[in-house]
Amino acid sequence: MLASGTSVAANVFEADEALSRADFCRTLGIAVKELSETRYWIRFSAARGWVSPERLAGLEDESIQLKRILGAMIARVRHKDRT
């Protein structure tokens, strides 16, 4: 969970330094995938009883919100590229 969770921030930072709009979208896409993996580990940890679901609920909600934000950023850039 630590690896995928911290990878999100690293990929967003890398996207900020992108060389092109396509590179920006590609790198943010990787961050979205890492968020999906993080959500998997959050759910897995709760299912295994390693951490209480109540304690993880905020983290999962935040990961969903971040995924929506990053997805919207990608969609906006791609839309601008088509127009």
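All of the numbers you see were taken from the coordinates with simple rules; none came from a lab. Small disclaimer: the values here were computed from a predicted structure and weren't measured. Note that we place each Cβ from the backbone using ideal geometry, even for glycine, and neighbour counts take in every protein chain shown.
Couplings 3J(HN,Hα) for the range 33-43, derived from phi with the Karplus relation 6.51 cos²θ - 1.76 cosθ + 1.60 (θ = phi - 60°), are 5, 5, 5, 4, 5, 4, 4, 4, 5, 4, 5 Hz, where x marks Gly and Pro.
The residue among 66, 79, 5 whose Cα reaches farthest toward the positive pole of the charge dipole of the chain, with charges on the beta-carbon of Lys, Arg, Asp and Glu, is 79. Compute the angle between helix 53-82 and the longest alpha-carbon principal axis of the chain, please, reported from 0 to 90 degrees and rounded to the nearest 10. Tilt of helix 53-82: around 10 degrees.
Just one of [x] 69, 13, 12; [y] 29, 12, 8; [z] 32, 16, 11 is semi-axes √(5λ) of the Cα gyration tensor in Å calculated from these coordinates, so which is it? Of the listed options [x] 69, 13, 12; [y] 29, 12, 8; [z] 32, 16, 11, [y] comes from this structure. Neighbours of residue 13, meaning other residues whose beta-carbon lies under 15 angstrom from its beta-carbon, give a summed charge of -4 when Lys and Arg score +1 and Asp and Glu score -1.
Look at 27, 6, 38, 83 and count the other Cβ atoms within 10 Å of each Cβ; fewest to most, that gives 83, 6, 27, 38. Would you mind counting up the charge near residue 31? Only other residues with Cβ under 12 Å from its Cβ, with Lys and Arg at +1 and Asp and Glu at -1. Within the 12 Å Cβ shell, the charges total -1. Mean sequence separation of contacting Cα pairs (under 8 Å, at least six apart), scaled by the length of the chain, corresponds to a relative contact order of 31 percent.
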